[in-house]
Amino acid sequence: MWKLKVADGGGPFSKYLYSTNNFVGRQTWEFDPESGTPEERDEVEKARQEFHKNRFKVKPSGDVLLRLQMLKEKKDKFDLSIPPVKLGENEIVTNEAITTTLRRGVRFVSVMQTSDGHWAAEFGGPLFFMPPLVFALYITGMLDTLFSQEHKKEILRYMYCHQ
């Protein structure tokens with residue numbers, strides 16, 4: 001299962017990295033085939049299938065894996081039980097409805113904030129940067145050093161789903 005690491009200088013690339021700000025704002029995804037419960041792995045697989053099914057309608061992933069992880073990690077720190085406010089076509093918007101909606105939104109955004117203070121998110125840049133990076137790594141003989149089999153599989157999945 002994939003897990004987001006935030007402001008982490010370790011991992012398989014640590015000997016190639018240097019940071020003057022202690023890796024603040026750096027986000028990497030690490031694969032561990034043994035992590036997560038069977039229910040969590042099923043939930044991730046369901047999210048993948050849902051994304052694949054709708055890939056022609058909705059191109060971005062919606063950061064589903066990130067949201068699943070952040071909500072799981074912070075479920076005890078933030079109360080996300082505020083029910084959504086649903087208004088009908090001609091209903092009057094009340095002060096209470098606005099306040100409730102704002103509270104719900106602020107709590108969700110607080111949960112999504114990472115430990116180093118930034119908000120991790122999907123970035124469409126890989127579609128632009130990935131081919132030259134793969135070319136350069138292949139030419140220098142570093143492709144298998146920097147990309148595990150799982151990284152290669154996810155890169156291909158990402159590229160196929162965004163074509």
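The values are calculated or read from the model by the stated rules, or taken from the named source; none is laboratory data. Everything numeric in this text was worked out from a predicted model, so none of it was measured. In this analysis, Cβ positions are derived from the backbone assuming ideal geometry, glycine residues included, and neighbour counts consider all displayed protein chains.
Per-residue answers, yes or no, for (1) at pLDDT below 80; (2) of a type in the set (D, E, K, R); (3) out of contact with any helix residue (DSSP H, G or I) (no Cβ under 9 Å at 6 or more places or on another chain):
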| site | (1), (2), (3) |
| --- | --- |
| 75 | yes, yes, no |
| 102 | no, no, yes |
| 123 | yes, no, yes |
| 151 | no, no, yes |
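Return the residues of the range 45-61 that are over 17 Å from residue 155 (Cα atoms) and either in contact (Cβ under 8 Å) with a residue 24 or more places away in the chain or not in a helix (DSSP H, G or I) (or both); say none if nothing qualifies.
If the condition is that a residue be over 17 Å from residue 155 (Cα atoms) and either in contact (Cβ under 8 Å) with a residue 24 or more places away in the chain or not in a helix (DSSP H, G or I) (or both), then 54, 56, 57, 58 are the ones that fit.
From 19, 81, which residue is exposed (fewer than 11 other Cβ atoms within 10 Å of the Cβ), of a type in the set (S, T, N, Q), closer than 24 Å to residue 117 by Cα and assigned by TED's automatic domain parsing to the domain that holds residue 115?
Just a single option satisfies the conditions, and that option is 81.
With polar (S, T, N, Q) and closer than 24 Å to residue 146 by Cβ as the only criterion, which of 54, 22 stands out?
Just one listed residue meets the conditions, 22.
Would it be correct to say that residue 144 is without any contact (Cβ under 8 Å) to a residue 24 or more places away in the chain and closer than 20 Å to residue 3 by Cα?
Considered against the rule, which asks whether it is without any contact (Cβ under 8 Å) to a residue 24 or more places away in the chain and closer than 20 Å to residue 3 by Cα, residue 144 comes out as no.
Give the residues of the range 89-103 that are of a type in the set (Ser, Thr, Tyr) and more than 18 Å from residue 79 (Cβ to Cβ), sorted by residue number.
If the condition is that a residue be of a type in the set (Ser, Thr, Tyr) and more than 18 Å from residue 79 (Cβ to Cβ), then 94 is the only one that fits.
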